[in-house]
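Accompanying notes for the structure given below.
The values are calculated or read from the model by the stated rules, or taken from the named source; none is laboratory data. These figures come from a predicted structure and were not determined experimentally. Quick reminder, even Gly has a Cβ in these numbers, built from the backbone with ideal geometry, and neighbours come from all protein chains shown.
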Amino acid sequence: METQVRTPQLIFMQPQRLTVPLFQRPYVWNEENQWEPLWNDIVRMTERLLAAPNAKHHPHFLGAVVLQQVSNSAGTMQERTIIDGQQRLTTLQLMFDALHAELVAAGATAASMRLETLVINAAPFCSQPEDRFKVWPTNRDRPAFNAVMSATEPVDYEAVGFTEERMVQAHRYFSDQAREWLNFDGAEKVQTRASAIETVVRELLQVVVIDLGADENAQEIFETLNARGAQLTAADLIKNFIFQRLLESGADVEAAYQKYWKEFESAFWELEISVGRMRYPRSAIFLNHWLVAQTGEEVVAREVFTRFKRFALDAGLPMETLLKQLNRASKVYKDFVMGGGAQGSAIDRLGLFAYRTGVLESEVVKPLLLFLLDPELPSIPKEQFDKALGVIESWMVRRMLVRATTKGYNQIFAELIRFLRSKDRSEVGKLIEEFFANQPTGSRYWPDDNEIREELRVLPAYRRLGRGRLRMVIEAIEDHLRGWIGSKASLSEQRVMRGKLAIEL
């Protein structure tokens, strides 16, 4: 391992390719938190350089990156894998390219040519089109990166496309800022300002570069840098862990990513969901729920990665097998979530359960559903499955009506999964009924009919219950009156429309 402090000139001047592994997270930096502060720092340094061109100026520190050498044959372009710092290095490349285009437009030929060497590898070193880039991002970002970095000057961003991608947005942001700043003092000052800002971005920025040998343990270093309170999500860390192991085993990681993981980087899985007072990407929440379903143990959000790693190593499964299982479980999870959003009158029993528990804003049932619908385990008879859903609904809704505490629900459902894992799945409905019926009074009990009747006699429901919850209860009553009783379907075959009808006081 070698550690050196380097300027962008030293990092990017040589023909090379810095590749972001496909198993790392996509580009996520944004204007408010990263692009604007970076640009403001560069402008501030450039203004100081313009004010005192002969003075000594201290460089601006940008942070650290970790690179790992890739063995290559003599005479070919050197290649390194970006283990950590891809956001920083990718942003620098986007900024350099945008600034280069504005320098060309401003007629600052010498400055633009000096900057171009930090963005484009010389043609004799390139054997394929993407070799021209100094940095090559992860799979998801490559089309947008290639489009904007290959665009001819002046860049027509509408023609480039990918306008919703952050790669293109970053390039456009730096282009707009550079154009405005270069022309701020009029045309006669453009050349001086161009030379100054080009000097700053090449020579007065600093990055600590940790360079690993080809045989050093990159995964261990990645975890040390990121697993303890860093900004990476549990899904990011788990993805890196799985694919790093696949890479070490000689598996086709590109094919595995396309087949089993790519879906996790879609809008559905990246949507942030509130869990208590915190928000997490749905992919991280799913992995948390999957772990609970597999272990029957409560897993808090901050421990998801470490618990997953321990589970994966203890299970002793090949990483590709584990990846396949995650992929199959994610389809079950997504179907359940999407099913709860159906608002028409036609809905199956599972969709109705998803809707009702969604109204209760209860994430705790999802690990149990992953266990009940686990594709790796024997299927549960429909009668017992429907009974299980009815029991869980009854326990949760009754407790809601009597305003019993929800504290400890995570622990209760983890305990229920652990209880069921050692039992006969063909009797799961009966077993869940017995589990809740045997809970002690207090924070776990199942309110009976008498308590519900007494509570509803005095409960100011229209003031104490939220509109969604009250509507859900009234919908269930209406369904019952229409003939939807237990597993018995109404002759009309129509349930009341969910989530739409108004409540009139």
Region 181-206 residues that are within 14 Å of residue 47 (Cα to Cα), paired with ones that are surrounded by fewer than 18 Cβ atoms within 10 Å (Cβ to Cβ) and of a type in the set (Asp, Glu) (beta carbon under 7 Å, 6 or more apart): 193/185
Take the residues of region 192-237 that are within 17 Å of the chain's Cα centre (by Cα) and part of a loop (DSSP other than H, G, I, E, B): which is modelled with the highest pLDDT? 233
One residue is enough: does region 420-431 have a residue meeting the conditions more than 23 Å from residue 455 (Cα to Cα), touching a residue at least 60 places away in the same chain (Cβ under 8 Å) and surrounded by fewer than 17 Cβ atoms within 10 Å (Cβ to Cβ)? yes
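Please determine whether any residue of region 315-325 is assigned to a helix (DSSP H, G or I), at pLDDT below 90 and not polar (S, T, N, Q).
Looking for residues that are assigned to a helix (DSSP H, G or I), at pLDDT below 90 and not polar (S, T, N, Q), one finds at least one in region 315-325, hence yes.
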Return the residues of region 57-79 that are under 28 Å from residue 31 (Cα atoms) and either not β-branched (Val, Ile, Thr) or not assigned by TED's automatic domain parsing to the domain that holds residue 39 (or both); say none if nothing qualifies. 57, 58, 59, 60, 61, 62, 63, 64, 67
Within region 265-298, can you find the residues that are among the basic types (Lys, Arg), touching an Asp or Glu at 6+ places or on another chain (Cβ under 8 Å) and outside any helix (DSSP H, G or I)? 279
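Got at least one residue in region 57-69 being over 31 Å from the mean Cα position of the chain (by Cα) and either within 30 Å of residue 265 (Cβ to Cβ) or of a type in the set (A, V, I, L, M) (or both)?
Checking region 57-69: not a single residue is over 31 Å from the mean Cα position of the chain (by Cα) and either within 30 Å of residue 265 (Cβ to Cβ) or of a type in the set (A, V, I, L, M) (or both).
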Look through region 69-103, keep the residues that are of a type in the set (A, V, I, L, M) and modelled with pLDDT of 95 or more, and return whichever of them is nearest to residue 190 (Cα to Cα). 103
Give 334, 309 a once-over and let me know the one that is touching a residue at least 60 places away in the same chain (Cβ under 8 Å), under 24 Å from residue 388 (Cβ atoms) and of a type in the set (Lys, Arg). 334
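Among the residues of region 42-49, is any over 24 Å from residue 180 (Cα atoms), at pLDDT 90 or above and surrounded by fewer than 20 Cβ atoms within 10 Å (Cβ to Cβ)?
No: region 42-49 contains no residue that is over 24 Å from residue 180 (Cα atoms), at pLDDT 90 or above and surrounded by fewer than 20 Cβ atoms within 10 Å (Cβ to Cβ).
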Scanning region 282-314 for residues that are among the charged types (D, E, K, R) and within 17 Å of the chain's Cα centre (by Cα), which turns out surrounded by the most Cβ atoms within 10 Å (Cβ to Cβ)? 282
So is residue 451 more than 42 Å from the chain's Cα centre (by Cα) and either in a helix (DSSP H, G or I) or closer than 24 Å to residue 340 by Cα (or both) or not? yes
When you scan region 327-434 for helices (runs of 4 or more DSSP H) that lie fully inside it, which ones turn up with 1 or more residues that are modelled with pLDDT of 95 or more? 365-372, 382-401, 409-421
Just wondering, is there one or more residues in region 79-98 that are part of a helix (DSSP H, G or I) and small (Gly, Ala, Ser)? yes
Quick one: residue 279 ticks every box in (1) more than 19 Å from the chain's Cα centre (by Cα); (2) surrounded by fewer than 20 Cβ atoms within 10 Å (Cβ to Cβ) bar one, so which box is it? (1)
Of the listed residues (170, 159, 111, 98), the one being more than 28 Å from the chain's Cα centre (by Cα), surrounded by 16 or more Cβ atoms within 10 Å (Cβ to Cβ) and in the same structural domain as residue 30 (by TED's automatic domain parsing) is 111
Filter region 241-259 down to residues that are polar (S, T, N, Q) and farther than 17 Å from residue 312 by Cα, then give me how many there are. 1
Exactly one of 292, 299, 359, 304 is touching a helix residue (DSSP H, G or I) at 6+ places or on another chain (Cβ under 9 Å) and within 25 Å of residue 476 (Cβ to Cβ), and that residue is 359
I'd like to verify a number: residues in region 1-56 that are in a helix (DSSP H, G or I) and either of a type in the set (A, V, I, L, M, F, W, C) or not assigned by TED's automatic domain parsing to the domain that holds residue 189 (or both), how many? 12
Tally time: how many residues in region 36-69 are of a type in the set (A, V, I, L, M), over 25 Å from residue 135 (Cβ atoms) and touching a residue at least 60 places away in the same chain (Cβ under 8 Å)? 2
Region 282-311, residues that are at pLDDT below 90 and not acidic (Asp, Glu): 299, 300, 301, 302, 304, 305, 306, 307, 309, 310
Among the listed residues 383, 361, 376, which satisfies the condition of being in contact (Cβ under 8 Å) with a residue 60 or more places away in the chain and exposed (fewer than 14 other Cβ atoms within 10 Å of the Cβ)? 383
